[in-house]
Every structure is written in C-alpha cells, then in structure tokens.
Amino acid sequence: MEILSHIANVIITIIEKTGYYGVFVLMTLESALIPIPSEVTMPFAGYLVSLNKMNIHILSFVGGVANLFGSILAYWLGFWAEERLIRQWIKKYGRFLLIDENDYERSEKWFRKYGDPVVFFSRILPAVRTFISLPAGVAKMNFGRFCIFTFIGSIIWSYFLAYVGFFLGRNWSSISVYYRKFEYLIVFILVALILFYVVRKIKKIKRS
C-alpha cells in the first residue's frame, strides 16, 4: 500500500507541474504495460478541471490518444515477439512491472473467446484493459481495427474518470473504493454487451 501511495503522490506532482503533457506521458506508460494507474491520473486531472485549471474535453482527448499510443507499443511487442518469448519475459521481469502470467492469460483468454470487439470493451476493466494489446498483437489483429477499437474505448474511459474526478472534487481519490465495489457489475454489463454483439452478428450472417 505504501508503494501505491507513493506512486499516487508522484502522479499528482507530475500533473500539477506539467498539466496535459504529464497526463499524456502517464497514460501512455500505463497502456505500454508500465504500472501507472489511470484511476489516479484521470480523476486527479478531473479535479483540476473543477478548479478551472484544465478543460474536460482536451483532457479526455489527451488521455484517449495517450492510451492509444501506449497500446500500439504493446501491440507491436506482441506482434513481433512469439507468445513463448512474451510468457518468458513476463515470468522473468513481470514482477518489476506488477505483471504476472495470470494477467496475460486472462487477457489472452478474453481475446480468444470474444475476438476483436473485446479490445474495445476491455478498456473499462482493470488489469485486462492494460494487457489486452499483447494478445491482440500476438493474434495479428488487423491494425486499423485495433487502433479504432482502442481509441474509442480509451476516450470513453478517459471521459468517465475525468468526470468522476470533476464531480467528486477534493474527494476524487475515493473513486478506487467505488470502482472495486462495482467491478463485478461492470464485468456483467461488459459480457452482456459482447453477447448482444455476437447474437446480432450471427443473425446478420444467417440473413445473408
């Protein structure tokens, strides 16, 4: 907990001193598999919006673009490296980046089960949202579709966290408690949306 608290303090300091540039760097690192929690970055920046120090739309756009940029780096890592090498890398160095094989396997399982759309839907889930780019790259997912799904999901996530920070004001840090509480609800909604998409796709194929 002390380490996480220290990371949070560093994030806050960076954003206070560098503004949008700091948000871009932090959100890029998060999607590039570096353990920088967006649940701290965006809500705190949203709090600054409530103080008229930032613009909510610019902030969310910066967060979405940064997530896309970092995700592209992770995608190409998965694209060019064999899955065996990625697993070895995670096993050897993952603990330094707070990554373990279970995180990767969960992301890989989700991608294999639900296909390309999970890249979009996973952007609102903890852990999976960060690592889904690796199996997408390993599976050689169409790069254009990957970028579109990633950006749309990321900008929605950025808006959500920024608005939460804006409305909570000085209590922005309490989002982590509520987010964990509703995590299962979010997963349920995510699965329901994916199933709805799959059913519609199947019906469309049968009609044609």
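Observations, loosely collected:
- When each of the peptides 14-27, 67-80 is scored by how many other beta carbons lie within 10 Å of its residues on average, the order from highest to lowest is 67-80, 14-27.
- Tyr21/Arg112 FRET efficiency (R0 45 Å; Cβ-Cβ; nearest 0.05): 0.75
- Most to least packed among 144-156, 32-44 [average Cβ atoms within 10 Å]: 32-44, 144-156
- With R₀ set to 35 Å, the beta-carbon distance separating Ile58 from Asn9 gives a calculated FRET efficiency near 0.90.
- Under the simplified labelling scheme, the Lys203-Ile148 pair shows an inter-label distance of 2.2 nm, with each label point 7 Å from Cα along Cα→Cβ.
Computed from the coordinates by the stated procedures, all read-outs in this text should not be read as laboratory data. Keep in mind that what you see is a predicted model, and the values were worked out from it rather than measured. Note: ideal-geometry Cβ built from the backbone for every residue, glycine included; neighbour counts use all protein chains shown.
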